[in-house]
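Laboratory data are not the source of any read-out in this text; all were calculated from the coordinates shown. This structure is a prediction, so every number in the text was calculated from the model and none was measured. Cβ coordinates were reconstructed from backbone atoms using ideal geometry, including for glycine residues, and neighbour counts include every protein chain displayed.
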Amino acid sequence: MAENKILNDLNTSLAGENEDTQKGKFLTFHLAKEDYGIEIRYVTEIIGIQKITEVPDMPAFVKGVINLRGKVVPVMDVRTRFGMPTRDYDDRTCIIVVDVDDKSVGLVVDKVNEVADIPDHQIEPPPRTNRESTRYIQGLGKIGNEVKILLNVQRLLFSDELTMPGEM
Amino acid sequence: MSNDISSDQIEIILEFVQESRDMIDQLEPIIIELGQSCQKGDCWDILGCQNADCHRQGHSLSLPCWLDTGYIGNGKQTCPHGSSEQDCKKCAIFQKTNGNIETINAIFRLFHSMKGSAGFLDLVHLAAVAHAAESLLDLVRSGKIQMDASHVDLLCQSCDFAKEALELVESEYNDQATAAIAMDVTARLKRAAEEALERVNQVEPVTAATVTESEPETYSPPRQEPEPEDAGAPKDAAMQCFELEITPEMVERFTQEADELLQSAEQGLLQWTEAKPGPDVIASLFRNIHSFKGNCGFFGYSDLERLSHQMESVLDLVKSGKELANPNPADTLLICLDVLRVAVADVSDGGNGKIATLTTYQQQLDALMGVQAKAGAVMPRAAVPPAPVAPPIVPSQPKPAAKDQPAPEPVKTQPPAAPTKPAAPKPASVAPLAPPAAAGSAKAATKRQDLRVDLDKLDQLINLIGEMVIAENMLIHNPDIVGLELENFHKAGQQMSKLVRELQEIAMTIRMIPVSGLFRRMIRLVHDLSLKAGKKVELVLSGEDTEVDKTVIETITDPLVHLIRNSLDHGLEPPAERLQAGKPEKGVVRLSARHEEGQVWIAIEDDGRGLNRDKILAKAISRGMIEGDGSDLSDKAIYSLIFQAGFSTADTITDVSGRGVGMDVVKQNIEKIKGKIEVTSKPGKGTRMILRIPLTLGIIDGMMVRVGDTKCIVPTLTIREAFRPVDEAITITPDGQELARVRENFYPVIRLHEVLAKEPQSHELSEGILILLDYQDKGICLFVDEILGQQQTVIKGLSDYIGNVRWVSGCTILGDGEVCLILDVGHLVEMFDMKEALGA
């Protein structure tokens, strides 16, 4: 129930944002041992984990589709997308529904934290590594001592590292 | 201009536009009906009048009887068949020769209300035209003049004008720009009325044709296009009727579209100058030029039409793999393209699109095709000045007087200028004659109350209802109340379930609209085409009340236009030929719709000459589309060849059809909505095309099946039967393929759990269920654990993000909120065939 309250609060604060106030705001979430953030303008809502219908013939990170109030929304497991070991979903697992180019996609994350302000000057460019998953990183945001890995949603969704069937 | 209009006013104006569009949609068929109800006839003949004293007896007089011996106007009041003006108007002769009074009244009322609303909104020009049309009708109605074909044409033109004006009103909120045309149309309507009155007074036989022909000099909008070569009276009359419709607005759209087409053609050609491109590029080039030609033909720019026609012919040769005199015609084509472009620019500046050096280019193209002496072919480029210099257009005649008047139209600047209106240009491939599919214009054949609703809102509603069904389930089967004795709660719950079901059923039907709106648009098409082709055609509509999904209607509009055009152009014979064949002079095209086998069948039938099997076969063999002599092919297989791209048996290619593009469009559109086309034809008797279309794209009957813990929906339409197999019915081939025997046939078994990569309840066929699926006469047996039941399912697309998934045609949301995939049976069968082919 406590989890529900957090989700409700987050959703309420999401609904209150408009384009002007969205700038510099990131929704932060937890994945494995790190905190991540995505620009809030992409986020439409956050829901608890629910039954996902598998779709055959999809890349592994596309878990399937869910019913979001009558809308069929595909769901991506961000852990699988980053090649991290999978973990069983529990009651803290959340689906962040993002909307990019009018396409809604759900992102499965371990836990949602909060909406945080990270001004531009607190954001460092992405580190230079040769790791595969770096390409999804937009920058590193600093809040005091904490570091949030800020993700590029566009690339997270559409990076053609794995071509989606049907997009060929 | 529109700045000082408040948003309230805008809303009123937009509402007016919508309403008027509906009105015009209604109006057109009625006007045409009126035209048809007017027939020549003599009073003594129709009534069997024996009155020998009457001077009309035995004569065909041009003065209608009610004005001569009757009781209307200055009639001599000697006719024994009536005694008052009322009697005359009710008289069979009046009804027959001057149109049905009811029909006239209906048209009159519509024009009248348009006039009223337009006047109220200060749309003076629209009001003026409506007023003039109304006055003309009033004369007819009161019997002061006799109705003739030119009046019907004029009324149609008034409708066209109104349509154009409405479009303008929609974007500009006033109709200032239509002033010139409005004056012209009004003047023509007035003159027609005056002339008809005069005719009645002078009792001079004046035929309809001379009336229309005596007028052209007096009006000016962009039609100064003599048609020297297109001889033939009916055609001329038709051309005139078309020219009238051309407003500056349309010319602007024409030039914009032409520019786009030429540009895209140019890209293709440029590619070609380097190396011969693939067939798709050529095909798209061909299509571009074809559409361009069509538009030019429609607007009567005959030079442009002729040149592009020839370019098209060249491309056709290339397409069919023939050798050209010059292996790379791209340069020559580019030069011609530039000529076209300059001419189009001329048109957009108010010119007439003439190409002075037309013959030079034509010769070049002929040379390419090897039609003429080699001389031209040897050095096609040297013979002509380079492109930019090339097209010395006939100096455009002094701008028509109308142009100088207040504001006929901000004179078009450059053709490529961004469209000033949000309205999208008409799709190029569509025949220019096709009236644009006005959104939401469908009207029931019978009077009924309609409410215009935003489609998005509707979809939201339907989604919400779907959600409610789920919520209701969750409420009634809520784990919190399980085991409690709640008699009243359950009663209330049942009541609610029932209501929710009903609600859902109604919601399903909301998206369905009758086909009547679509059918009625065809009336105009047939009317125009029959004039143009000089054929007499009657269009018979039936089953207009049949309801189909809105999206289906939108998708089949183009195919229907193409099919009807084909029927008229190729199917029906000219009157003389029909008489020779012992058929009535007037051809009949039947357009009908009905529900059948859970689908909608839309049939287009004509009683023309039918498809020529031998000719199709010969053409197909010459194109290498089939092997052998084709004697083993069924009629059905041969007829289906006509839907191949680029296939046409037409000996001559007219500007309406004959290139083999249209049928390809038909097929593609129908396939898009998972429909089928069936062609039957009897030589000499006619052709029938049936479009079999799923009732709605949104809902299917589905059978829910289960494999392990996964559920899937199989469309019920594809299921022939389901059974639990006994071991003896299963045969396994040496390569491991299981075959199930159903009576005398063997069908391959596909295990659904393998397709979905799931763990089934049991691997033993005898412990599950086999479902015999039928797709295009190919059968397969699908192995599942069990069948859960049948249900109506609302189809939803899988997200764009996922794209197309093999074996899955969509998904649906079940009562418990879970998403369930719908199997694509066609794909399953095809996959199996491919596997077979690979394995073999």
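For a test of the definition: using alpha carbon positions, the gyration tensor, and the 1.5 limit on a/c, classify segment B:699-839 as rounded, prolate or oblate. Intermediate values should be presented prior to the final figure.
Numbers: a/c = 1.76, a/b = 1.48, b/c = 1.19.
Cα axes put segment B:699-839 in the prolate bin.
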Skipping prolines and chain starts, which residues have an amide H placed within reach, meaning under 5 Å, of the one on B:Leu798, given they are 5 or more residues away or on another chain?
B:Cys811
Could you check the simple spin-label distance between B:Glu505 and B:Lys76, using points 7 Å along Cα→Cβ, in nm with one decimal?
6.9 nm
By how many nm would the segment from B:Glu15 to B:Asp800 grow when fully extended, if each residue of separation counts as 0.36 nm and the alpha-carbon distance is taken off?
279.1 nm
For B:Asn326, distant residues with modelled amide H under 5 Å away:
none
Divide by every residue of chain A the summed helix terms, -39500 (n - 2.57) for each DSSP H run of at least 4, and state the resulting mean residue ellipticity at 222 nm, rounded to the nearest 500 deg cm²/dmol.
-4500 deg cm²/dmol
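Just want the ordering: B:Asp454, A:Asp102, from fewest to most Cβ atoms lying within 10 Å of their own Cβ.
Lowest to highest Cβ neighbour count: A:Asp102, B:Asp454.
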Could you sort out which of B:Lys550/B:Lys636; B:Lys354/B:Lys535; B:Lys676/B:Lys796 sit more than 26 Å apart by Cα distance in this structure?
B:Lys550/B:Lys636; B:Lys354/B:Lys535
Total charge dipole magnitude, segment A:2-154, about the Cα centre, Cβ charges on Lys, Arg, Asp, Glu only, Debye to nearest 20:
340 debye
Long pairs among B:Lys536/B:Lys615; A:Lys103/B:Lys674; B:Lys536/B:Lys667, criterion Cα-Cα beyond 32 Å:
none
Within segment B:789-813, the residues whose backbone N lies under 20 Å from a label point placed 7 Å from the Cα of A:Glu54 along the Cα-to-Cβ direction are B:798-799, B:802-813
Loop-located trypsin sites (Lys or Arg not before Pro) in segment B:680-756, at most 15 other Cβ atoms within 10 Å (DSSP):
B:Lys685, B:Arg743
What are the ³J(HN,Hα) values, in whole Hz, obtained from phi via the Karplus relation 6.51 cos²θ - 1.76 cosθ + 1.60 with θ = phi - 60°, for each residue of segment B:345-350 in sequence order, with x given for Gly and Pro?
4, 4, 4, 5, 8, x
Using R₀ = 56 Å, calculate the FRET efficiency as 1/(1 + (r/R₀)^6) where r is the Cβ-Cβ separation of B:Ile101 and B:Asn488; round to 0.05.
0.30
Describe numerically, in nm with one decimal, the distance between label points set 7 Å from Cα along Cα→Cβ at B:Asp8 and at A:His30.
5.8 nm
Based only on the alpha carbon positions, what is the Kirkwood hydrodynamic radius of segment B:1-138, in angstrom?
17.5 Å
Inter-label distance for B:Glu759 and B:His595, nm, one decimal - labels placed 7 Å from Cα along Cα-to-Cβ
4.6 nm
Tell me, B:Met311, B:Met689 in order of fewest to most beta-carbon neighbours within 10 Å?
B:Met689, B:Met311
What's the whole-number percent of alpha carbon pairs in segment B:513-694 lying beyond 29 angstrom?
19 percent
Would you please classify the overall shape of segment A:2-154 from the alpha carbon gyration tensor, given that a ≥ b ≥ c denote the square roots of the eigenvalues, rounded means a/c under 1.5, and beyond that prolate means a/b larger than b/c while oblate covers the rest?
oblate
Would you please give the FRET efficiency between B:Val281 and B:Ala618, computed as 1/(1 + (r/R0)^6) with r the Cβ-Cβ distance and R0 = 22 Å, to the nearest 0.05?
0.15
Amide H contacts under 5 Å for A:Asn152, restricted to residues at least 5 apart in sequence or on another chain and with H modeled in the peptide plane, are A:Ile137, A:Gln138
For segment A:67-84, in order, what is each residue's ³J(HN,Hα) by Karplus, 6.51 cos²θ - 1.76 cosθ + 1.60 with θ = phi - 60°, in whole Hz (x at glycine and Pro)?
9, 10, 6, x, 9, 8, 10, x, 10, 10, 8, 5, 4, 5, 4, 8, x, 7
Dividing the mean separation of Cα pairs under 8 Å (6+ apart) by the residue count of segment A:2-154 yields a relative contact order in percent of 25 percent
Using the Cα centre of segment B:699-839 as the reference point, and only Cβ charges (+1 on K/R, -1 on D/E), how large is the resulting charge dipole? Debye, rounded to the nearest 20.
260 debye
Segment B:96-101 - phi-based ³J(HN,Hα) in whole Hz, Karplus 6.51/-1.76/1.60, Gly and Pro as x
7, 8, 10, x, 5, 4
Could you tell me the calculated FRET efficiency between B:Lys322 and B:Glu818, based on Cβ-Cβ distance and R0 = 51 angstrom, to the nearest 0.05?
0.30
Which order results if B:Met663, B:Met474 are arranged by neighbouring Cβ count within 10 Å, fewest first?
B:Met474, B:Met663
